[in-house]
Amino acid sequence: MQNNRKLICVAGLPRSGSTLLCQLLAQHPQINSSGRSSPLPGLLNDIRHRISDSEFFLSQLDIDFEQSYEQLKNAYKGFIDGWFSNSKESVIVDKNRGWLQMVETLEVLHPNYLVLVCVRDLGQIFGSIEAQHDKTRLIDFPDHLDAHNPFVRADRLFGRSGIVGQPLSAIEYVKQITSKSIQDKILYVPFEYLMNNFQEGLEEIYRRSGVENFKVDPDCLSVTSHESDSYYRFKYRHNTHSKVVLPREHQILPGITQSLKNRFKWYYKTFYPDSLIDDKS
């Protein structure tokens with residue numbers, strides 16, 4: 001992929017609209033968006049690990065660090081270019097929550113990027129996961145969460161190593177990066193805003209991506225095959241639909257709601273300050 005092509009990295013929290021966002025972006029004729037999770041960030045990390053353990057390559061750095069390091073950088077860029085070489089559109093969408101932890105690496109390898117960070121009220125994220133768990137209660141989670149106790153599930157899901165906690169930690173870190181160049185390439189997309197104002201949100205993404213405005217019909221969306229949900233034990237479904245449908249509000253235990261607000265006050269202050277005002281009242 002040439003550096004003049006925009007790379008849109010869709011990241012953020014699970015159950016926060018990333019599948020829908022990719023589907024909406026795919027409607028634009030200048031944007032390539034499969035909607036499926038990409039292995040690219042993991043592959044880049046694997047290459048980094050392998051190269052870093054190569055005594056032969058490390059010896060090249062001893063001989064001529066600047067030249068060898070530049071060769072390594074060009075090899076990474078070539079891998080990214082090759083990964084997207086079959087795409088003809090001017091904007092490429094790549095979905096993986098890992099991108100949020102790699103923004104500084106993106107700044108080096110492909111500075112023409114935009115990271116879309118999907119966020120959502122944490123209680124509703126948990127409620128969405130619980131709703132799917134109710135449909136698949138006889139199948140365990142990939143990380144073997146407690147099948148019977150929602151308090152235990154919430155603690156583990158939102159822990160530092162949990163499927164929600166990991167990207168939450170990444171968001172907390174990225175918001176503290178001092179580089180203006182990086183901050184200017186990050187756009188937070190609240191799920192609630194996307195569902196109710198998707199055309200306005202898309203127009204901002206179009207503007208930042210340098211493509212023409214495009215009107216999306218919310219009642220006539222192209223539906224594509226989604227990724228393999230068996231990988232997630234059917235606990236985090238990725239279905240797409242032919243129209244935008246507002247989801248129902250999930251009811252969760254009050255103790256879990258309050259615990260999440262207390263535990264992640266920085267998150268609510270940043271994205272959902274009104275919910276904290278309601279608590280005080």
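Just so you know, all these numbers are worked out from the coordinates, no wet-lab data involved. Every value quoted in this text rests on a predicted model; they were computed, and no experiment measured them.
For segment 174-265, relative contact order (Cα pairs under 8 Å, six or more residues apart, normalised by length) works out to 20 percent. The distance separating the Cα centre of segment 1-67 from that of segment 109-143 comes to 20 Å. For segment 64-117, the Cα-based Rg and Dmax, in that order, read 12.7, 39 Å.
Relative contact order, whole percent, for the chain stands at 28, derived from Cα pairs under 8 Å and 6 or more residues apart.
Translational diffusion coefficient, Stokes-Einstein: compute it for segment 6-253 using the Kirkwood radius over C-alpha pairs as Rh, at 20 °C and 1.002 mPa s, and state it as an integer in µm² s⁻¹.
My calculation gives 109 µm²/s for D.
For Asn112 and Asn213 in the same chain, what is the full-extension length gain: residue separation times 0.36 nm, less their Cα-Cα distance, in nm?
34.4 nm
GNM on the chain, alpha-carbon springs under 10 angstrom: the most fluctuating residue among Lys135, Lys185, Lys77 is Lys135.
First check a/c for segment 154-243, with a ≥ b ≥ c the square roots of the eigenvalues of its C-alpha gyration tensor; if it is under 1.5, answer rounded, and if not, answer prolate when a/b is larger than b/c or oblate otherwise.
Numbers: a/c = 2.38, a/b = 1.10, b/c = 2.16.
In terms of gyration-tensor shape, oblate.
The H on the amide N of Gly159, modeled in the peptide plane, is under 5 Å from the matching H of Gly165, each at least 5 residues off or on a different chain.
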